[in-house]
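Every number in this text was worked out from the coordinates using simple rules, so none of it is lab data. This is a predicted model, so every value here is computed, not measured. Here Cβ is always computed from backbone atoms with ideal geometry, including for glycine, and neighbour counts include all displayed protein chains.
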Amino acid sequence: MIQQKSISEIVSLWKTDKKQYVKRSSFSAYLLLLENHLIPVFGNKYNIDETEVQAFVFQKLEQGLSQKTVKDILIVLKMVMKFGIKNKWLVPQQLDIQFPTERIKQNIEVLSRTHQKKMMQYIQEHFTFRNLGVYVCLCSGMRIGEICALTWEDIDTDNGIISIRRTIQRIYNIEGNIRKTEIILDTPKTKNSIREVPMNKDLLRMLKPIKKVVNPAFFVLTNDAKPTEPRTYRTYYKNLMKTLGMPDLKFHGLRHSFATRCIESQCDYKTVSVLLGHSNISTTLNLYVHPNLEQKKKAIDQMFKGLK
């Protein structure tokens, strides 16, 4: 027997349930999508059908949201609906939502080799802890939250290894009507994100003498007990790029540059995937492995050679 509840009522009960199982950062992201997109449209409804959701998808895409964002919103909607159906507050619904074909292939922005060399050279000659962070990211492919959370004890200069085990992020905390943001130090994105990255000789040479004199508990970017947060560090990085006359590359472009250099140097894809902390190799392949015309020609030639 269905005891119908509105989507808003189901969301309230779902939040209490879900909070026990997911990371705070994930929970905060769900709440934001619910507050900003789902509750305003579906909150007062007692059932949702496919045509309404399909219209909602097109409307969001027209407003300029990316397909990825809209798909994330749908994931949350489906979780709430599944919870409602399981508890017999919603009539079971099958949603088969279509997305328009994406015509534009997203291009990944990376530093050219020349720009990367110039940048690494500059940091070697103008050492500051904040500059060092940029250098480390170019040598390890770390994410911005991971470099902000890195402490000196995560850097093992004896074995030449950086251990990535934490990330810092600012999350939205929506409690009732009170909205505030707070900084949290947490384990990284997925279990694969907890990883060890070997250091190259130049980085090791730079870090060895520093490691002897710093407090192991201090954060690398601040050399202090208090970390810097990603938003502040992003601004610092932007200004550094401007000073060096570099292209306006997002901070995440340093990670892309690292991955691209690995692929260019014929590193095997599985190793690149593990170094980046991707949860599966397909993420790496889809992002970075785009054979050029030369490689395509080679593949065709080899194939026909085999037929002779």
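Considering helices alone, the calculated mean residue ellipticity of the chain at 222 nm is -16000 deg cm²/dmol, with DSSP H runs of length four and up weighted by -39500 (n - 2.57) and normalised per residue.
State which entries of Lys19/Lys71; Lys270/Lys298; Lys86/Lys191 exceed 25 angstrom in Cα-Cα distance in the structure shown. Correct reply: Lys86/Lys191.
Among the cysteines of the chain, those whose beta-carbon sits 4.7 Å or more from every other cysteine beta-carbon are Cys137, Cys139, Cys148. Here the Gaussian network model covers the chain, with springs between Cα atoms less than 10 Å apart; of Leu13, Leu150, Leu32, Leu13 fluctuates the most.
Candidates Ser112, Val136, His126 compared by Cα position along the dipole of region 76-173: farthest toward the positive end lies Ser112, with charges placed on Cβ.
Near Gln169, once Lys and Arg are set to +1 and Asp and Glu to -1 for all other residues with Cβ below 9 Å from its Cβ, the sum equals -1. Taking Ser257, Ser140, Ser112 as the candidate residues, the one with maximal mean-square fluctuation in a Gaussian network model of the chain, Cα springs under 10 Å, is Ser112. Rounded to 0.05, the FRET efficiency of the Thr114 and Gln54 pair, given R0 = 41 Å and the Cβ-Cβ distance, is 0.30. Taking a straight line from the alpha carbon of Lys212, these aspartates and glutamates sit under 12 Å away, with near neighbours fewer than eight places off in the same chain left out: Glu153, Asp156, Asp158.
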